[in-house]
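Contents: one structure, followed by commentary.
Just so it is clear, none of the values below were taken in a lab; they were calculated from the coordinates. Treat the numbers as computed from the prediction; the structure is a model and nothing was measured. Here the Cβ positions follow ideal geometry from the backbone for every residue, glycine too, while neighbour counts run over all protein chains shown.
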Amino acid sequence: MNWWTFIVASLAVWRLSVLVTEEEGPFSAFMLLRSKVDYYQHTWVGRGLNCFWCVSFWFGLAEAGVWAYITGASVVAAIGTGLALSTAAILLHRVMLCITCSQTSGR
């Protein structure tokens with residue numbers, strides 16, 4: 001995976017993860033999904049749908065799997081790329097949280 005593709009894929013993992021874990025989504029679809037699956041988060045699925053790290057992990061692996069299938073990359077490369085995509089999305093999420101916190105605190 002070249003750098004441009006990696007950056008775009010990382011942004012996609014970040015955006016999809018934020019959409020699923022924090023936003024209502026179109027027609028409140030993601031809010032309904034989170035509430036219908038496990039509103040009180042008693043199961044690992046319910047907790048996982050509200051966890052940015054968990055969702056970014058699965059989206060990263062899914063994107064890397066598609067990339068590996070299309071390019072013929074090895075399974076090891078796909079897993080490593082999926083973890084790297086998830087890590088990049090988590091780092092971007094942390095940066096965005098820091099920016100948002102500093103703007104709301106008046107600094």
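Numbers at a glance
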item: Matching entry among GLY72, GLY65, GLY82 (being free of Cβ contacts under 8 Å to residues at least 60 places away in the same chain, in contact with a Leu (Cβ under 6 Å, 6 or more places away or on another chain) and not aromatic (Phe, Trp, Tyr)); result: GLY82
item: Members of region 42-56 found to be of a type in the set (S, T, N, Q) and crowded, with 18+ Cβ neighbours inside 10 Å, listed by number; result: SER56
item: Pair list, Cβ under 7 Å, 6 or more apart: region 46-61 residue without any contact (Cβ under 8 Å) to a residue 40 or more places away in the chain, other residue in a loop (DSSP other than H, G, I, E, B) and surrounded by fewer than 21 Cβ atoms within 10 Å (Cβ to Cβ); result: ARG47/GLN41; ASN50/GLN41
item: Some residue of region 1-19 being free of Cβ contacts under 8 Å to residues at least 24 places away in the same chain, surrounded by 11 or more Cβ atoms within 10 Å (Cβ to Cβ) and of a type in the set (Phe, Trp, Tyr); result: no
item: Filter result for ALA73 (assigned to a helix (DSSP H, G or I), surrounded by 10 or more Cβ atoms within 10 Å (Cβ to Cβ) and of a type in the set (Gly, Ala, Ser)); result: no
item: Members of region 20-41 found to be assigned to a helix (DSSP H, G or I) and either surrounded by fewer than 16 Cβ atoms within 10 Å (Cβ to Cβ) or hydroxyl-bearing (Ser, Thr, Tyr) (or both), listed by number; result: THR21, GLU22, PRO26, PHE27, SER28, ALA29, MET31, LEU32, LEU33, SER35, LYS36, VAL37
item: Qualifying residue in region 86-95 (condition: closer than 18 Å to TRP3 by Cβ, without any contact (Cβ under 8 Å) to a residue 60 or more places away in the chain and touching a Gly at 6+ places or on another chain (Cβ under 9 Å)); result: yes
